[in-house]
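The values are calculated or read from the model by the stated rules, or taken from the named source; none is laboratory data. These numbers come from a predicted model, not from an experiment. For neighbour counting, all protein chains shown are included, and Cβ atoms are generated from backbone atoms with ideal geometry for every residue, glycine included.
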């Protein structure tokens, strides 16, 4: 199911493939900028939310889930030999806060961070 587009043909495709179009109301990604750094993938039993966080490693990332809100904070904690302008940006850090869809079991999740790509895996309810 595609949670990113407001394509007018999405409902036709969903109907043709017998998909539940009611979930389209629960979008996690809003806007073109978020579409470039966040990806949402859904299988029968799991949901994968993928964030691009280049320059950060696992020690730099904090993931907090309260109720149905996920907050990801990335802030460089160790000095590395990289360009000054990148150092400044990475030490400033970023925060991403999103409301999770209702069909996700937000109490239990796992995650991996490899090469600046954070993948968070949830089970469906």
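Every condition in (1) surrounded by 13 or more Cβ atoms within 10 Å (Cβ to Cβ); (2) part of a loop (DSSP other than H, G, I, E, B); (3) modelled with pLDDT of 90 or more is met by residue 118 except one, and the failing one is (2). Exactly one residue out of 79, 58 is exposed (fewer than 13 other Cβ atoms within 10 Å of the Cβ), in contact with a helix residue (DSSP H, G or I) (Cβ under 9 Å, 6 or more places away or on another chain) and modelled with pLDDT under 95, and it is 79. Selection of the stretch 61-76 for residues being part of a loop (DSSP other than H, G, I, E, B) and either touching a strand residue (DSSP E or B) at 6+ places or on another chain (Cβ under 7 Å) or at pLDDT below 90 (or both) yields 67, 68, 76. Has the stretch 24-33 got at least one residue that is assigned to a strand (DSSP E or B) and either modelled with pLDDT of 90 or more or crowded, with 17+ Cβ neighbours inside 10 Å (or both)? Looking through the stretch 24-33, none of the residues is assigned to a strand (DSSP E or B) and either modelled with pLDDT of 90 or more or crowded, with 17+ Cβ neighbours inside 10 Å (or both).
Quickly run through the stretch 38-55 and pick out the residues that are within 15 Å of residue 103 (Cβ to Cβ), touching a strand residue (DSSP E or B) at 6+ places or on another chain (Cβ under 7 Å) and surrounded by 13 or more Cβ atoms within 10 Å (Cβ to Cβ). Within the stretch 38-55, 40, 41, 46, 47, 48, 49 qualify. Has the stretch 80-95 got any residue that is part of a strand (DSSP E or B) and either in contact (Cβ under 8 Å) with a residue 24 or more places away in the chain or under 12 Å from the mean Cα position of the chain (by Cα) (or both)? The answer is yes; a qualifying residue exists.
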